[in-house]
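No value in this document is a laboratory result; all are computed from the given coordinates. Please read these numbers as outputs of a predicted model, since none were measured by experiment. Heads up, the Cβs are rebuilt from the backbone with ideal geometry, glycines too, and the neighbour counts pull from every protein chain shown.
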Amino acid sequence: NAGVMQNPRHLVRRRGQEARLRCSPMKGHSHVYWYRQLPEEGLKFMVYLQKENIIDESGMPKERFSAEFPKEGPSILRIQQVVRGDSAAYFCASSQTGTGDGYTFGSGTRLTVV
Amino acid sequence: GDSVTQMEGPVTLSEEAFLTINCTYTATGYPSLFWYVQYPGEGLQLLLKATKADDKGSNKGFEATYRKETTSFHLEKGSVQVSDSAVYFCAPLDKLIFGTGTRLQVFP
């Protein structure tokens, strides 16, 4: 029973390129959450998705960032035209019911924009 | 709005010392409360949880009691080890928010 799988583990992009981060939730989990962690800071909520639906995107920047969780395949967090300030660790978590049963986190994708 | 407040770190202790990391929250209703731990270079792992007032969550020697009257969920451990060095996050998870995290450093 693999946990939450995120890939790539490390991603380097030049300014202006696109970054695509993938998250496969635990088997049986249909709720996915994305968080961003800047160096030496806490986790900031970005977006909450269920299959084919965005439930809460209140933490997503209005521009350049998008997320999806298709019927088949992993959840994708997409960052267009990356800037240096996008450099951070991006964590994905999944849960079975989405209501207080705790999350299982992936190991994160560390994005570096050069 | 809903929020979580954790004591600022780093918390620096010697091995076998007593640990307390304070956490208070403001939320509508009484959500389940969680402590997560993040070891260097890794994602967060669930440490313990409490689902209602006066519940005590415990795991690996850590404990936290859900205090409705003080809206607190302080993390405690009687005797810390070097391997406990990590960042600890308090969270009322159905509110999708985390505290800022408290870094614990334990020295031999």
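A few points about this structure:
- With K and R counted +1 and D and E -1, the other residues having a Cβ less than 14 Å from that of A:P61 yield a net charge of +2.
- The Rg/Rh ratio of segment B:43-87, with both radii computed over alpha carbons and Rh defined as the Kirkwood radius, is 1.00.
- Per residue, the average separation of C-alpha pairs within less than 8 Å and at least 6 apart gives chain B a relative contact order of 37 percent.
- A cut-off under 14 angstrom between Cβ atoms defines the neighbours of B:L13, and their net charge, with Lys, Arg +1 and Asp, Glu -1, is -2.
- Compactness relative to 2.2 N^0.38 Å, alpha carbon Rg of chain A: 0.99
- Dipole magnitude of the protein assembly as shown, debye to nearest 20 (Cβ charges: Lys/Arg +1, Asp/Glu -1, about Cα centre): 820
- From least to most packed, judged by other beta carbons within 10 angstrom and beginning with the fewest, B:E42, B:E16, A:E63 follow the order A:E63, B:E16, B:E42.
- For chain B, Kirkwood radius (reciprocal of mean inverse C-alpha pair distance, Å): 13.7
- Linear extension gain, A:I76 paired with A:T112, 0.36 nm per residue minus alpha-carbon span: 11.2 nm
- Descending semi-axes in Å of the protein assembly as shown, equivalent ellipsoid built from Cα gyration tensor: 30, 20, 15
- Within-15-Å neighbourhood charge of B:T65 [Cβ basis; K, R +1; D, E -1]: +1
- Approximating the spin labels as points 7 Å out from Cα along Cα→Cβ, the A:R64-to-A:R84 distance works out to 1.2 nm.
- Alpha-carbon centroid distance for the pair segment A:1-68 / segment B:23-99, whole angstrom: 23
- Estimated FRET transfer efficiency when R0 is 25 angstrom, pair B:T51-A:N53 (beta carbons, to 0.05): 0.40
- Convex hull volume per residue for segment B:3-58, taking Cα atoms only, in Å³: 119
- Long pairs among A:K27/B:K60; B:K52/B:K77; A:K44/A:K71; A:K27/A:K51; B:K56/B:K77, criterion Cα-Cα beyond 24 Å: A:K27/B:K60; A:K44/A:K71
- In this rough spin-label picture, where each label sits 7 Å from Cα along the Cβ direction, the A:E41-B:T5 distance is 2.1 nm.
- Segment A:1-94, relative contact order in percent, only Cα pairs under 8 angstrom and at least six apart counted: 35
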